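Heads up: the structure comes next, in structure tokens.
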Amino acid sequence: MLKLSKEIKKRRTFAIISHPDAGKTTLTEKFLLYGGAINMAGSVKGKATAKHAVSDWMEIEKERGISVTSSVLQFNYDDFCINILDTPGHDDFSEDTYRTLMAADSAVMVIDASKGVEKQTRKLFKVCLLRNIPVFTFINKMDREANDPFELLDEIEKELGIKTCPVNWPIGCGKDFKGVYDRKTKIVTTFSGTSRGQKEGASSEVSVNDPDLIRIIGQDYRDELMDNIELLDGASDEFDMELVSSGKLSPVFFGSALTNFGVEIFLRNFLKMTSPPLPRMSNKGLIDPVNEKFSAFVFKIQANMNKAHRDRIAFMRICSGKFEAGMEVYHVQGNKKIRLSQPQQLMAQERKIIEEAYAGDIIGVFDPGIFSIGDTLCVSAEKFEYEGIPTFAPEHFARVRQVDTMKRKQFIKGISQIAQEGAIQIFQEFNTGMEEIIVGVVGVLQFEVLQYRLENEYNVEIRMERLPYEHIRWIENKDTDMNKLMGTSDMKKIKDLKGNPLLLFVNSWSIGMTIDRNPGLKLSEFGR
Ligand code: GDP
């Protein structure tokens, strides 16, 4: 029990979120570097280099140099065992990112200092808000021309609706970036060019009251720093751990991931402030990570990561207890006992088979096609279910058919499996069966992934016809007579695979009209 508790308490499981290009990959790489998990930066994702990203499994990712799927990296640093949930930054894969955030205990939000809050930051932040998880802000690229730090904080507060509390403060930026000032210890860590971030840089520390500081950063920067400190102490929100834990206050750090400045300061502070795995809500109440036996939920399914093996991996977040290889667990949604085979973890560069894992860890298990996103596994006599993962409303739709009618079976199998993984959602015409399949996706790139995968993995060529709809609504009222429903002329009635009726709309005006014309009709954006 003591060992179990010790192991769980040292776990820190978090996701890094950012708008593409803000520096998430670079920051992750530097974290790994400190953990000794990689020897040299530049190996997480090789956009321009020959090296492939650790997280780039699919061909399509390599071809395009974007990270399509999220991966998980585990490494040790100090006394912590860190699980980083990597999230695809690409706009088109936000749904995958949303689910990944469900498995995280906190989030690190990387912001480009010259761009501030960007579109994707906003979207991802909303999910953090839904879950009330703590969000830690790293304002990156201070070695470049940056916006005024006060304005950046203001923007975060106004745009995201979260209060901010700078833990440190930058001195200058770009060519004149001098370092950061730690508000608690009152120490200035000076910026020194590292070998382009390839090694831990040697930087010196000096007290803000040390006269030597003037020599190091210059009189003007010192004066400006003193003014800023006064302003900050007077105006910014005070550090309050409770507000941080409930996601209402974001501690803010400044630095430069590329030149490896401020990264370790951030990592150290962040690990201290963020919590070990906390109890998680189930339909039978809160489940304690230490006192309960093994339980986990599936947050991601990925097929054919290794084409040679044609395997499908279900990623699960362990929420309580200890996992041991080969153990028998109860799959709640399948109502079946199963043995989890080939449990694996991704350690920086390679997948490895694991013998044991603890609450907070993410494991991938071989999935013979039985799991769906959101499923619970447990060994407790009292079978419980963790809260489900919401389905996000697709915003793009297409009618899909196979070219060769003889391949009907493979087509249905392929498209159903891809839908089960949560990459796409599939629907049917309201009045006909599976002859016509309508695919809905959150990001348009998923259409290409679908086409690519059906061809490569299932040997089925498809033809896709884009449909003009942008909005989907589930009908909440169970007793609605679909034939009597009065919609607009551009509305389309469809159903999901369970037979639930849905409506597709071209614009939000049509949604409003339909609600007006059908008193009592309740429409919902989220599927169940
Ligand atoms: P991601 O899309 O958020 O994962 O961003 P990357 O980590 O791939 O970084 C995008 C680009 O910004 C790359 O060319 C990085 O080298 C560069 N970059 C990342 N961090 C910094 C930084 O601190 N300073 C500067 N100047 N460039 C950076």
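Bear in mind that the values in this text are calculations on the coordinates, not laboratory data. None of these values were measured; they are calculated from a predicted model. Neighbour counts run over all protein chains shown; Cβ positions are idealised from the backbone, glycine included.
Taking the Cα centre of the chain as reference, the dipole from Cβ charges on Lys and Arg (+1) and Asp and Glu (-1) amounts to some 1820 debye.
Rounded to the nearest 0.05, the FRET efficiency derived from the C-beta distance between Asp240 and Arg339 at R0 = 60 Å is 0.85.
A Förster radius of 45 Å, combined with the Cβ-Cβ distance separating Glu157 from Asp79, puts the computed FRET efficiency at roughly 0.85. Between Ile370 and Ser416, the modelled label-to-label distance comes to 1.8 nm, taking each label 7 Å out from Cα in the direction of the beta carbon.
Taken one residue at a time, the phi angles of segment 220-233 give Karplus couplings (6.51, -1.76, 1.60, θ = phi - 60°) of 4, 5, 5, 4, 4, 4, 4, 4, 5, 4, 5, 4, 4, 4 Hz. Gly and Pro are set to x. The three principal axes of the Cα atoms in the chain give end-to-end lengths of 81, 54, 48 Å, sorted in falling order. In this calculation the C-beta distance from Asn431 to Asp21 is compared with R0 = 56 Å, giving a FRET efficiency of 0.75. Qualifying trypsin sites (Lys or Arg not before Pro) in segment 245-337, where qualification requires a DSSP coil assignment and no more than 16 other C-beta atoms within 10 Å, comprise Lys284, Lys293, Lys307, Arg310.
Look at where the Cα atoms of segment 493-508 and of segment 231-275 average out, and the two centres are 44 Å apart. Peptides 512-522, 162-172, 17-27 ranked from most to least packed, by the mean per-residue count of other Cβ atoms within 10 Å: 17-27, 162-172, 512-522.
When you filter the GluC sites (Glu not before Pro) in segment 237-305 for DSSP loop state and at most 16 other Cβ atoms inside 10 Å of their Cβ, you are left with Glu238.
Taking K and R as +1 and D and E as -1, what net charge do the other residues with C-beta under 11 Å from the C-beta of Tyr77 add up to? In short, 0. Starting from the Cα of Ser524, move 7 Å in the Cα-to-Cβ direction to define the label point; list residues of segment 449-474 whose amide nitrogen is under 14 Å from there. Under cut-off, by backbone N: 473-474.
Hey, what angle do you get for helix 445-458 against the long axis of the chain, alpha-carbon based, 0 to 90 degrees rounded to 10? Approximately 60 degrees, to the nearest 10. In order along segment 478-488, the phi-based Karplus estimate (6.51 cos²θ - 1.76 cosθ + 1.60, θ = phi - 60°) of 3J(HN,Hα) comes to 5, 8, 5, 8, 4, 6, 9, 4, 9, x, 8 Hz; Gly and Pro are listed as x.
The modelled label-to-label distance for the pair Leu497/Lys115, using points 7 Å beyond Cα in the direction of Cβ, is 3.6 nm. As a proxy for reagent exposure, ranking Lys123, Lys178, Lys158 by other Cβ atoms within 10 Å from fewest up yields Lys158, Lys123, Lys178. Against the main long axis of the alpha-carbon atoms of the chain, helix 119-131 sits at an angle near 80°.
A full extension of the chain between Asp176 and Glu328 corresponds to an added length of 48.8 nm, given 0.36 nm per residue minus the alpha carbon distance.
Taking all Cα pairs closer than 8 Å and separated by 6 or more residues, the relative contact order of segment 115-251 comes to 29 percent. Site pair Asn132 and Leu231 shows an inter-label distance of 3.4 nm when each label is modelled 7 Å from Cα along Cα→Cβ. What does the C-alpha gyration tensor say about the overall shape of segment 396-524? Classify as rounded when a/c is under 1.5, otherwise prolate if a/b is larger than b/c, or oblate. Here segment 396-524 falls in the prolate category.
For GluC sites (Glu not before Pro), the sites in segment 431-465 that DSSP calls loop and that have at most 10 other Cβ atoms within 10 Å are Glu435. Angle of helix 24-34 to the longest C-alpha principal axis of the chain, folded into 0 to 90 degrees and rounded to 10: 60°. Neighbours of Asn335, meaning other residues whose beta-carbon lies under 14 angstrom from its beta-carbon, give a summed charge of +1 when Lys and Arg score +1 and Asp and Glu score -1. With 0.36 nm allotted per residue and the present C-alpha distance subtracted, the Arg466-Val403 stretch has 21.1 nm of extension available. Net charge of the neighbourhood of Val108, taken over other residues with C-beta under 13 Å away and scored Lys/Arg +1, Asp/Glu -1, is +1.
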